[in-house]
1. If Leu116 satisfies all but one of (1) among the hydrophobic types (A, V, I, L, M, F, W, C); (2) within 15 Å of the ligand (Cβ to nearest atom); (3) buried (at least 21 other Cβ atoms within 10 Å of the Cβ), what's the number of the condition it fails?
2. Residue by residue through segment 101-149, note down the ones that are out of contact with any Gly (no Cβ under 8 Å at 6 or more places or on another chain) and on the phi > 0 side of the Ramachandran plot.
3. So, in segment 166-191, exactly how many residues are part of a loop (DSSP other than H, G, I, E, B) and more than 22 Å from Thr214 (Cα to Cα)?
4. Output the number of residues of segment 20-49 satisfying the condition of being of a type in the set (Asp, Glu), surrounded by fewer than 16 Cβ atoms within 10 Å (Cβ to Cβ) and under 25 Å from Asp60 (Cα atoms).
5. Exactly one condition in (1) more than 16 Å from the ligand (Cβ to nearest atom); (2) more than 18 Å from the chain's Cα centre (by Cα); (3) modelled with pLDDT of 95 or more is not met by Arg221; state its number.
6. Being within 16 Å of the ligand (Cβ to nearest atom) and in a strand (DSSP E or B) is the filter here; which residues of segment 231-261 pass it?
7. Sort out which residues of segment 64-109 are of a type in the set (Ser, Thr, Tyr), more than 24 Å from Val254 (Cα to Cα) and within 11 Å of the ligand (Cβ to nearest atom), and write them in order of number.
Amino acid sequence: MKAKIRKLQNIISGTPTTDGDGVTMTRLIGSPELNMLDPFLLLDAFETDQVNDYIGGFPDHPHRGFETVTYLIAGQMRHKDNAGHEGVIEAGGVQWMTAGKGIIHSEMPEQQAGLLQGFQLWINLPASEKMSAPAYQEFPADKIAVDSSIEDSVIRIIAGQTDNGISGPVKNNFVNPLYMDISLAAGQVFKQSVDGTDNAFIYVLEGELSINDTQQKISSRQLGVLSEGTAIVVKAKGDTRFILAAARPLHEPVARGGPFVMNTKAEIIQAFEDFQNNRF
Ligand code: FE2
């Protein structure tokens, strides 16, 4: 069957915001510009070498009903939670946390100076899994799979599989996620097969991509939402680094309440009540 190559559907520049204790960031998903891209509920990009813009970190806060994924490009963050997990994520490392029925955690910079850069991605859980036990998957940079089949380029696979059959370490049976950090040398082309109806986006950290060698482009610090289709084909204009994510949409009702994402308003009220009564 001939591949249907995805087109660029729209460009999101994001909204500057602060979260946690005053951490500056750009909200790319989860803002009026793009409320969600089912099952992606939120994407924050943080990138600053101004210590006052990150030193407050993200002190203790709860989550219920979805997964939080922290991927660091530069710097170090220490995470800690009320289930006894603690560790430091460094550049190129990922923490993939399934909040399930509830967790309280903190993520604090483990540095007093220098660049802190990375992403926080929220991925929804199906209704049947929202009250499951919390779970963790954490991988340092050297445990992230690498596909070096494209000359002078590196594909780092956190989740999902490249067309060469190289799979990332993260396991997820809910939405078949693909999450890759790709550095393409100028002029190189990257192709990736995907389920035709999965939602997909690309965020360019540096450089510029053209979609399937057309006039459609995604530039530095832009998020491009892709149309449906069975293949993604991009070409690097100059040396380009980008994040590619795709996942199966849940098509379920979404009720948001700050750090909780459930299916109904009543479940959100219950979440606040459970949290306030120390049931997390
Ligand atoms: Fe969090």
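1. Looking at each condition in turn, Leu116 falls short on (2).
2. Gly102
3. Pass one, segment 166-191, residues part of a loop (DSSP other than H, G, I, E, B): 166, 168-177, 185-188.
Going one step further and asking which of them are more than 22 Å from Thr214 (Cα to Cα), we end up with 166, 168-177.
The total comes to 11.
4. 2
5. Of (1) more than 16 Å from the ligand (Cβ to nearest atom); (2) more than 18 Å from the chain's Cα centre (by Cα); (3) modelled with pLDDT of 95 or more, only one is false for Arg221: (2).
6. Of all residues in segment 231-261, those within 16 Å of the ligand (Cβ to nearest atom) come to 256-261.
If the condition is that a residue be within 16 Å of the ligand (Cβ to nearest atom) and in a strand (DSSP E or B), then Arg256, Gly257, Phe260, Val261 are the ones that fit.
7. To start, the set of residues in segment 64-109 that are of a type in the set (Ser, Thr, Tyr) comprises 68, 70-71, 98, 106.
Restricting the remaining residues to those that are more than 24 Å from Val254 (Cα to Cα) gives 71, 106.
If the condition is that a residue be of a type in the set (Ser, Thr, Tyr), more than 24 Å from Val254 (Cα to Cα) and within 11 Å of the ligand (Cβ to nearest atom), then Ser106 is the only one that fits.
Yes/no matrix, rows are residues, columns are (1) hydroxyl-bearing (Ser, Thr, Tyr); (2) outside any strand (DSSP E or B):
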site	(1), (2)
Met1	no, yes
Ile11	no, no
Thr18	yes, no
Arg27	no, no
Glu47	no, no
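The values are calculated or read from the model by the stated rules, or taken from the named source; none is laboratory data. Computed from a predicted model, the values in this text were never measured in an experiment. All Cβ positions, glycine included, derive from the backbone under ideal geometry; neighbour counts span all protein chains shown.
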